[in-house]
1. In debye to the nearest 20, how big a dipole does the chain give about its Cα centre with +1 on each Lys and Arg Cβ and -1 on each Asp and Glu Cβ?
2. Determine ³J(HN,Hα), in whole Hz, for all residues of the stretch 43-60 in sequence, where each value follows from phi through the Karplus function 6.51 cos²θ - 1.76 cosθ + 1.60 and θ = phi - 60°; x replaces Gly and Pro.
3. Given Cα pairs under 8 Å that are at least 6 residues apart, what percent is the relative contact order of the chain?
4. Where the convex hull is taken over the Cα atoms of the stretch 326-416, what is its projected area averaged over directions, in nm²?
5. By a straight-distance test (C-alpha under 19 Å), which aspartates and glutamates pair with Lys422 as possible cross-link partners, with residues fewer than eight away in the same chain excluded?
6. Spin-label point model (7 Å from Cα, Cβ direction): what's the Val380 to Ala15 distance in nm?
7. Please turn the phi angles of the stretch 370-375 into ³J(HN,Hα) values with the Karplus equation 6.51 cos²θ - 1.76 cosθ + 1.60 (θ = phi - 60°), one per residue in order, whole Hz, x for glycine and proline.
8. Give me, ordered by chain and number, the residues 5 or more places off Asn209 or on other chains with an amide H under 5 Å from its own placed amide H.
Amino acid sequence: MSERPLTERIRPDGAPITLSEYEAAGGYQAVRKALGGMSPKDVLQVVKDSGLRGRGGAGFPTGVKWSFVPENPHPKYLVVNGDEMEPGTFKDRVLLEGDPHLLVEGVILASYTIGADVAFVFLRGEYLESERQMKKAITEAYAKGYLGKNILGSEYSLELYVHMSGGRYICGEETALLNALEGKRGNPRTKPPFPQTSGLWGKPSIVNNVETLCNLPGIIAKGPEWFKGLSKTANGGTKLIGVSGKVKNPGLWELPLGVTFREVIFGHAGGMRDGLSLRGIIPGGASTDYLTEEHLDVEMDYETVAKVGSRLGTGTMILMDNKTCPVGMIHNLITFFAHESCGWCTPCREGLPWAEKTLRAIERGEGVMEDLAVLDRLVVDLGPGMTFCALAPGAMAPLGSGLKYFREDFERHIREQRCPWK
């Protein structure tokens, strides 16, 4: 049993795996198995039984999401979300560039299951090497009969294209992504209707993250029990987990779901640099709530991290050390989110710049105690259910949790009229 089904073929130098190498390692056997004797409903049930959850941040059960797609009408679409713009997140690019055929095979399996006629790989505009490797892999797959008309002699056909995003963080939100793919401004859509019934060009569509789809070949080839056995918890499978910040060995590892923060930070990442100690953890990209040292022994799975007040998110954590200013770090994150707001709804368009301006004043030593009440109120007014999409609530996660865990640092800035870390 492989313990690293996503990254076992990836070379240390990152050079991509060729089609012949991928096939020699068992590649495309899952497609042969699915198209050679499994119905779409059979594949769907296997994915449901595996417990696979979306690896893009939300963690929604993948098989359940697919089950909402109606059998008709056609065409139907599958869209791969490779718009990896979450600050602190750097996992999907490893798969796109190091093992592109794994994604192609995952796309074929997912498309077959939902009955998609066309699939798109939607990439972050700066990911030029990812684009090059994906286009090369797609060309090779067409040449070997894995894509196109009557794949491997079956009755199933699929066309696959790469689309480069025009940019903006909001395009990682699935309905904004669909608008961008249609050539429109990347604004989120009202839901309902959901993309599963009315998505790309008004047709049934599924949007899945790169890492999510890369799990499918292993699940179909080896079964749901194998997949569940990879994890230390009830959440099945492995997870690409990254660490950035002032650690001795920042990086990305494929680890069982359920590994603890302590194991990752002080084991794989080598602990904090000499002279520094850990003060804060943003566990899954910039739009998740801070955790602290008291949470080091928390298991990294979806339910457990949620129980302690944050989200697993993308699984790529950002660490804050004891010599980094919490106010400055949070201000930096809010500046990003304010810049990336699409401006579609008033709370996000007006509230995020207001939060940025207030934090800037506090960081510069120009704040007053009343500013903390303003920030507290913005955390509520821009929180879940108060805006058109999840961008502003995501931005409020580090702000709200920062005010909770590091409030004394905010107050000290105001009392001393300066940043104590400068």
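1. Dipole magnitude for the chain comes out near 300 debye.
2. Taking θ as phi minus 60°, the curve returns 5, 4, 5, 4, 5, 4, 5, 6, x, 4, 10, x, 9, x, x, 6, x, 6 Hz for the stretch 43-60.
3. Here the relative contact order equals 16 percent.
4. Over all viewing directions, the stretch 326-416 projects a mean Cα-hull area of 4.9 nm².
5. Asp321, Glu363, Glu366, Glu408, Asp409, Glu411
6. Distance between label points: 6.0 nm.
7. My calculation for the stretch 370-375 gives 5, 4, 5, 5, 4, 5 Hz in order.
8. Arg55, Gly56, Asn81
The numbers here are math on the coordinates, done by the rules we state, and not lab data. The structure presented is a predicted model; accordingly, all values stated were derived computationally and were not measured. FYI the Cβ positions are ideal-geometry reconstructions off the backbone, even for glycines, and counts take in every protein chain you see.
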